[in-house]
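Worksheet: one structure, shown below.
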Amino acid sequence: MSVTHVSAPLPGPKGRVLLRKWHRFEANVVGFQAPVVWDHARGCVVTDVDGNTYLDWTCGVLVTSVGHCHPHLVAAAQRATARLLNNYECANVERIAAAERLVRALPPHLNQCFFLSTGSDATEAAARLLKRKSGKFEILSFECGFHGRTLHAASMGGLPGPKRGYGPTVPGVIRAAFPNPYRDPNGWCRGGPDFKKYFSYLDALVLANSTGSLGGVMVEPYQGAGGFIFPPRGWLKKLEEWIRRRGLLFALDEVQSSYGRTGRMWALEHEDLRPDIVAIGKAIGCGVPVSAVAATSAVFSALGPGELSSTLGGNPVASAAVSAVLDIYEREPLVANSARLGAYLKKRLKALAATCPYLGDVRGMGLVLGLEFVKDKRTKEPAPELIKPLIVDCANHGLLAGAVGMYGNVIRVAPPLVMTRAEADESLAIMAGALSRLKL
Ligand SMILES: Cc1ncc(COP(=O)(O)O)c(C=O)c1O
């Protein structure tokens, strides 16, 4: 029996009125979304204000990995809310418990953490730690990367949106090209296992651009907002070796890649990476606003009192969510389901790509897959104009999807990790129908 039901065309009558009101009172400066006003959600199913039901490939934006409104998380947040809502930097029971739980869930060398509220807070803190520990002011990051919208985070990023008209960006950021197996004009991705050509390029880039004050590298395990771009296998390990050879610090942005999204609890596990600093966000609270930066105690020791703090970081409700989410990961096979269902979805989506002239690439691992749309599979010219009609068509048939990418031409397939095979099949059938109607 199908779980989706939509009275198309969207928006429905209540939704239309509410969207008009929303755009009147709140500035409409967000990216394009399906014309749906969410009312409530459970697991992988979202219900809108008109009673339409959808399967969710968005998780918000890779946030609600344990499923929407998981009862254990809801109960923990409600209990914490009734007991203590805020106490700033003072110790509270929930915060202490959450810190212990998070550190124990991390690779052993990352033996301390600090709680903040957003992913951008976490990457800003990671940059601060990197600079204070190294005593240097330059950071190497990547074109097409995304680390958030605050100034240092946006400066490390390599996408136009967060930076446009907001310059000058923070001095000292050196951006390198990220190896993209789908678009690889320089042959960098074919150069494994040493990727010699790529690392010669990187050496030359640093030689030409650094003042001699390079402190470390900030990188995502895969580029999320940049278009779900996964570097070739082995490249991240080689990057780590390059970092170590130069005596630099290694900061990994796992804001969206962690908590089982890629089929391992931490994306760093795929290549046994040992970053000095890790930024964590999104699924850490599965909808309750919380983020964290984790590092070795040697790195944290570079900061003095008052150098890292935030009004709501370590808030008791957010902290209770951190522990409750980790409880759920201990009790439910979310990470294994991500690996298994992700492989199944990828195989089925690749088969669909063979029937659609515009679906140029299906890539990813676990339950983070990207569908890249192009005008012509040979030239690979991006086709962002297909994305809005595709998202609207999917929504009209009961599937919520969002877009990412430097050119906005990549659909993200990132459902909650609790998705079942039946839900996956139903969502695939909706996408197959939408693809068959797609026209340039
Ligand atoms: C890799 C990565 N880093 C940082 C961020 C910023 O997180 P936030 O929007 O919570 O500030 C994001 C958000 O999408 C992200 O994907």
* Structure fact -> Order by accessible surface, 1.4 Å probe, largest leading, for residues M431, M1 comes to M1, M431
* Could you give the radius of gyration (one decimal) and Dmax (whole number) of the Cα atoms in the stretch 292-411, in Å? -> 20.6, 59
* Carbon-plus-sulfur fraction of the accessible area of the stretch 32-108, 1.4 Å probe, in percent? -> 62
* Any chance you could get the radius of gyration and Dmax over the Cα atoms of the stretch 20-147, in Å? => 19.4, 56
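Counting every Cα pair in the stretch 256-305, what percent are over 18 Å apart? Present the calculation step by step, with values, prior to reporting the outcome.
Numbers: 478 of 1225 pairs.
More than 18 Å apart: 39 percent of the Cα pairs in the stretch 256-305.
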* **Largest to smallest principal axis extent of the C-alpha atoms in the stretch 68-126, angstrom** => 34, 24, 22
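Using only Cα atoms, what is the ratio of the radius of gyration of the chain to 2.2 N^0.38 Å? Write out the running numbers ahead of the final one.
Working: Rg = 21.5 Å, N = 440, 2.2 N^0.38 = 22.2 Å.
Output field value: 0.97.
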* Structure fact -> Karplus ³J(HN,Hα) for the stretch 39-56 (6.51 cos²θ - 1.76 cosθ + 1.60, θ = phi - 60°; Hz, whole; x = Gly/Pro) runs 10, 8, 8, 8, x, 9, 10, 10, 10, 9, 5, 9, x, 6, 10, 9, 7, 10
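Taking Cα pairs under 8 Å and at least six residues apart, what relative contact order does the stretch 179-232 come out at, in percent?
Details: 32 pairs, mean separation 24.5, N = 54.
Here the relative contact order equals 45 percent.
Give me the percent relative contact order of the chain, please, defined on Cα pairs under 8 angstrom at least 6 residues apart.
On the way: 914 pairs, mean separation 101.4, N = 440.
That works out to 23 percent.
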* Asked: For A383, which sequence-distant residues (separation of 5 or more, or a different chain) have an amide H within less than 5 Å of its own amide H, given hydrogens modelled in the peptide plane?
  -> F373, V374, K375
* Asked: Applying the Karplus parametrisation 6.51 cos²θ - 1.76 cosθ + 1.60 with θ = phi - 60° to the phi angles of the stretch 149-164, what ³J(HN,Hα) value in whole Hz is obtained for each residue in order, glycine and proline being reported as x?
  -> 10, 6, 4, 5, 4, 5, 5, 6, x, x, 10, x, x, x, 9, 4
* For G366, enumerate residues with amide H under 5 Å from its amide H, sequence gap 5+ or separate chain, H modeled in the peptide plane. => A343
* Alpha-carbon centroids, the stretch 121-152 and the stretch 45-114: separation in whole Å -> 25
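Pairs of Cα atoms under 8 Å, at least six residues apart: use those to get the relative contact order of the stretch 1-67, whole percent.
Values: 66 pairs, mean separation 23.9, N = 67.
This gives 36 percent for the stretch 1-67.
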* **Cα centre as origin, Lys/Arg/Asp/Glu Cβ charges: the chain dipole, Debye** => 700
* Asked: With θ set to phi - 60° and the Karplus curve 6.51 cos²θ - 1.76 cosθ + 1.60, what are the ³J(HN,Hα) couplings of the stretch 84-101 in order, to the nearest whole Hz, using x for Gly and Pro?
  -> 7, 8, 7, 8, 6, 7, 6, 5, 9, 4, 5, 5, 5, 5, 5, 4, 5, 4
* Keeping to pairs on different chains or 8 or more places apart, tell me how many lysine pairs in the stretch 97-239 have Cα atoms under 25 Å apart. => 12
* **the stretch 174-191-the stretch 326-398 distance, computed between alpha-carbon centres (Å)** => 22
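Find the percent of Cα-Cα distances in the stretch 150-297 that exceed 28 Å, and round it to a whole number. If you can, show how the numbers build up before the last one.
On the way: 2002 of 10878 pairs.
Tail of the P(r) past 28 Å holds 18 percent of the pairs.
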* Structure fact -> With +1 on the Cβ of every Lys and Arg and -1 on the Cβ of every Asp and Glu, the dipole magnitude of the stretch 186-289 about its Cα centre, in debye rounded to the nearest 20, is 240
* Expressed as a fraction of 2.2 N^0.38 Å, the rule-of-thumb size for a compact globular protein of N residues, what is the C-alpha radius of gyration of the stretch 307-367? -> 1.81
* Structure fact -> Amide H proximity to F178 below 5 Å, modelled H, separation 5+ or other chain, gives E143
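Which loop-located trypsin sites (Lys or Arg not before Pro) does the stretch 390-440 contain, where loop means any DSSP state but H, G, I, E or B and the Cβ has at most 11 other Cβ atoms within 10 Å?
On the way: sites: R412, R421, R437, K439; in loops: K439.
Loop-located and lightly packed - K439.
Please quote Rg/Rh for the stretch 359-409 to two decimal places, taking the Kirkwood radius as Rh and restricting both calculations to Cα atoms.
0.98
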* Cα-based Rg / Dmax (Å) for the stretch 89-161 -> 14.6, 42
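The values are calculated or read from the model by the stated rules, or taken from the named source; none is laboratory data. Just so it is clear, the structure is predicted and the values come from calculations on it, not from any experiment. Here the Cβ is made from the backbone with ideal geometry for all residues, glycine too, and neighbour counts use every protein chain on show. Just the protein is used for accessible areas: all its heavy atoms, side chains included, with ligands, DNA and RNA removed. Shrake-Rupley method; radii C 1.70, N 1.55, O 1.52, S 1.80 Å.
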